[in-house]
1. Go over the candidates Pro273, Pro284, Pro231 one by one and state the one that is at pLDDT below 85 and touching a helix residue (DSSP H, G or I) at 6+ places or on another chain (Cβ under 6 Å).
2. Restricting attention to the stretch 255-286, report how many residues are of a type in the set (Ser, Thr, Tyr) and without any contact (Cβ under 8 Å) to a residue 60 or more places away in the chain.
3. Which condition number does Lys280 fail, the rest of (1) surrounded by fewer than 17 Cβ atoms within 10 Å (Cβ to Cβ); (2) under 24 Å from Val56 (Cα atoms); (3) of a type in the set (D, E, K, R) being met?
4. Give me a count of the residues in the stretch 140-186 that are more than 21 Å from Val211 (Cβ to Cβ), more than 23 Å from the chain's Cα centre (by Cα) and modelled with pLDDT of 55 or more.
5. For the stretch 194-217, which residues satisfy the criterion of being among the aromatic types (Phe, Trp, Tyr) and either in contact with a Phe, Trp or Tyr (Cβ under 7 Å, 6 or more places away or on another chain) or modelled with pLDDT of 95 or more (or both)?
6. Please pick out the residue among Phe244, Phe277 that is assigned by TED's automatic domain parsing to the domain that holds Ile60 and either assigned to a helix (DSSP H, G or I) or under 19 Å from Met52 (Cβ atoms) (or both).
7. Return the pair list, or none, for Cβ contacts closer than 6 Å from residues in the stretch 205-218 that are in contact (Cβ under 8 Å) with a residue 40 or more places away in the chain to residues that are of a type in the set (A, V, I, L, M, F, W, C) and surrounded by 14 or more Cβ atoms within 10 Å (Cβ to Cβ), at least 6 apart or on different chains.
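The values are calculated or read from the model by the stated rules, or taken from the named source; none is laboratory data. In this text, all values refer to a predicted model and were calculated from it rather than measured experimentally. Cβ placement follows ideal geometry from the backbone for every residue including glycine, while neighbour counts extend to all protein chains displayed.
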Amino acid sequence: MASSSRALGSLQHNTSSTTNVNLSSTSLITPQLTALADPPPKMVDQHLFEYMIQEVIRTIITSESVARERRIAYQRQVEHDLKLARATSQITLSSSSNNNKTSVAMAPSVPSKSSSFPPPNQDEADEGVRSRLDKMGFKVGWAMAEKLARDRPRFPSTPATTSTTNPVGASALALAPIPDPLEAVKFICKDLWIALYDKQIDNLRTNHRGVYVLHDNGLKPLLRLSGNAGPGQAHEVNRRVKFFLAFPNGIIRGALSNLGVPCAVSAESAGIPQCTFQIKTVRPGT
């Protein structure tokens with residue numbers, strides 16, 4: 001009996017010591033070690049992304065220029081056809097009213113490049129380029145949010161508000177709970193930005209009224225741009241910065257749209273390589 005008691009006490013001592021060892025070893029596993037053991041997935045090759053985005057911008061600039069020339073040529077042709085149709089109708093009316101008297105009207109010449117259409121405006125052309133880059137980023141952000149949020153827990157939901165002007169016509173989708181916009185923006189700042197740029201957003205501010213400001217102290221696509229440009233090159237550098245910001249601007253908008261948070265996103269840079277993204281969310285039914 002005494003031997004059984006000693007054996008039981010020894011077993012309890014060994015079990016407690018093993019538990020203490022497990023607890024102490026568990027406390028040594030820090031988030032940094034966990035990140036090293038299970039690193040976040042690399043969705044985009046960093047160097048390839050930096051090289052490709054520059055070539056994509058050059059290609060889109062050329063493509064937008066060609067597309068604009070085609071639109072202008074088409075508009076000139078339409079204008080020429082309308083003038084020709086009006087001139088033909090005038091000839092017909094004149095010949096019918098004067099019986100045997102015929103009046104000759106000069107048909108308009110073939111439309112030339114110096115027609116009433118002004119030459120391409122640089123700002124309008126750049127806006128077309130930024131719009132196409134934003135649409136590309138929207139598709140990328142939508143797909144990345146689908147991939148990254150697939151295996152994670154659902155975002156906390158907030159009840160959707162219905163419109164007071166038309167509460168009866170509100171759809172079932174509008175009445176369904178929507179993800180908490182703040183949690184969705186935090187997902188953008190951490191998970192999405194790490195997968196895209198291998199870093200988190202440096203600062204997030206909000207007024208808790210649907211406006212969120214994301215500040216990145218060193219956006220990687222802007223690191224290769226020189227911030228010490230001369231007076232003659234400052235305009236060109238600012239133009240390139242807007243091109244580089246259009247793509248991540250669309251990524252944020254596409255990712256939040258996939259998560260069920262419709263929004264409008266704008267980007268600006270106060271100084272290379274810093275940049276700021278402003279997100280204005282839109283609650284359904286308001």
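1. Pro284
2. The total comes to 2.
3. In the conditions (1) surrounded by fewer than 17 Cβ atoms within 10 Å (Cβ to Cβ); (2) under 24 Å from Val56 (Cα atoms); (3) of a type in the set (D, E, K, R), Lys280 misses (2) alone.
4. Of the residues in the stretch 140-186, 3 are more than 21 Å from Val211 (Cβ to Cβ), more than 23 Å from the chain's Cα centre (by Cα) and modelled with pLDDT of 55 or more.
5. Let us first name the residues in the stretch 194-217 that are among the aromatic types (Phe, Trp, Tyr), namely 197, 212.
Once the filter is applied, which keeps residues that are among the aromatic types (Phe, Trp, Tyr) and either in contact with a Phe, Trp or Tyr (Cβ under 7 Å, 6 or more places away or on another chain) or modelled with pLDDT of 95 or more (or both), the stretch 194-217 yields only Tyr212.
6. Phe244
7. Qualifying pairs under 6 Å: Tyr212/Val185; Tyr212/Ile279; Leu214/Ile201; Leu214/Leu204; Leu214/Phe277; Asp216/Ile201; Asp216/Cys275.
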